[in-house]
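Undergrad: The structure's right below; bear with me while I get my questions together.
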Amino acid sequence: MDKKEFEIFLDTYTNLPRQGPGNNESTKKALENIKDLPAHPLILDLGCGSGMQTLEIARNIDCNIITIDNFPQFITELNIRAVKENLSSKITTFNKSMFELDFEPESFDILWAEGSIYIIGLEKGLIEWTQFLKNGGYFAFTECSWLTDQISPEPEQFWATNYPEMKTVSENLEIIENLGFEVINHFTLPENAWWDTYYNPLKANLEKIAQKYGPEADSVIAEIYSEINLYQNYSNEYGYEFFIIKKG
Ligand code: SAH
């Protein structure tokens, strides 16, 4: 990425409610599946972005949350939001890569990863990250998944380029269970969790960058619109699945 491309990228993803599909209702619903927590649990939020889910967890339970993301702008946004809501004493943010984690083994009660485990890969994330999870601890994460075996050519082609590892929900359940985890619950994020808190605010940012940068931003804008339009047309064929699983 050259300097201009980076500036456009920054403007595109800055000041969004979040950086991937999701919403507070779904975060809370996932949290409600976790019933036998110790008092004051320690939580690790991986790929936290600007932290919509971090804040929702902090609002709902008495806990400490460590968050990591390798993009400093998002960490800054999360810190500002945490201060505004008086939640900063519960949240410690780290500008750190998910590929270089050095926490104590079995030190967390919960791992959380909304829209981020695909970056390391589902299976690898399940194996490597859960080293840091206590026995009997929970891992709640979302993963973009096929909702059908009958995939239309257009989404098949798009995802073959953008995320060839994408699996069906049942294939993902099989991976999780074969690694020895117990599936506590899973559910598909509602469509409004793609629009209201992610794609619509992103579209508003794209309109601003189109005006600010003109043709220089054309390719970035076209690429993101192709993803948005695909979801508009094929939301019945793929979606984000929330998985709540238990170790040991
Ligand atoms: N959990 C947030 C963000 C999801 S988007 C939400 O649901 O809104 C994925 C996030 O992973 C982004 O914030 C991105 O900056 C972060 N990310 C990408 N590569 C990473 C890496 N190597 N290490 C840590 N975070 C990474």
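The values are calculated or read from the model by the stated rules, or taken from the named source; none is laboratory data. Being a predicted model, the structure only gives us computed values, none of them experimental. A quick note on method: Cβ atoms are made from the backbone with ideal geometry, for glycine too, and the neighbour counts reach across all protein chains shown.
Undergrad: Applying the selection to segment 74-100, what residues are within 16 Å of residue 43 (Cα to Cα) and touching a residue at least 40 places away in the same chain (Cβ under 8 Å)?
TA: 91, 93, 98, listed by residue number.
Undergrad: From the residues in segment 83-121 that are charged (D, E, K, R) and either assigned to a strand (DSSP E or B) or over 25 Å from residue 21 (Cβ atoms) (or both), which one is farthest from the ligand (Cβ to nearest atom)?
TA: Once the filter is applied, the top-ranked residue is 106.
Undergrad: If I filter segment 22-53 down to residues being of a type in the set (A, V, I, L, M, F, W, C) and assigned to a strand (DSSP E or B), which single residue comes out as nearest to the ligand (Cβ to nearest atom)?
TA: 46
Undergrad: Follow-up question, since we're still on this one. Looking at segment 1-8, can you tell me whether even one residue there is within 18 Å of the chain's Cα centre (by Cα) and either at pLDDT 95 or above or in a loop (DSSP other than H, G, I, E, B) (or both)?
TA: no
Undergrad: Next up: Any residue in segment 146-158 that is within 16 Å of the chain's Cα centre (by Cα) and surrounded by 15 or more Cβ atoms within 10 Å (Cβ to Cβ)?
TA: There is no residue in segment 146-158 that is within 16 Å of the chain's Cα centre (by Cα) and surrounded by 15 or more Cβ atoms within 10 Å (Cβ to Cβ).
Undergrad: Let me ask something else about it. Looking only at segment 39-60, decide whether some residue is modelled with pLDDT of 95 or more, touching a helix residue (DSSP H, G or I) at 6+ places or on another chain (Cβ under 8 Å) and of a type in the set (Lys, Arg).
TA: no
Undergrad: Separate question: Where in segment 132-248 are there helices (runs of 4 or more DSSP H), lying wholly inside it, with at least 2 residues that are among the small types (Gly, Ala, Ser) and away from the ligand (no atom under 16 Å from the Cβ)?
TA: Ranges flagged: 200-213, 218-234.
Here is a yes/no grid of residues against (1) within 14 Å of the chain's Cα centre (by Cα); (2) surrounded by fewer than 18 Cβ atoms within 10 Å (Cβ to Cβ); (3) at pLDDT below 95:
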| site | (1), (2), (3) |
| --- | --- |
| 10 | no, yes, yes |
| 20 | yes, no, no |
| 26 | yes, no, no |
| 32 | no, yes, no |
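Undergrad: Take the residues of segment 57-74 that are surrounded by 21 or more Cβ atoms within 10 Å (Cβ to Cβ) and part of a helix (DSSP H, G or I): which is nearest to the ligand (Cβ to nearest atom)?
TA: Out of the qualifying residues, it is 74.
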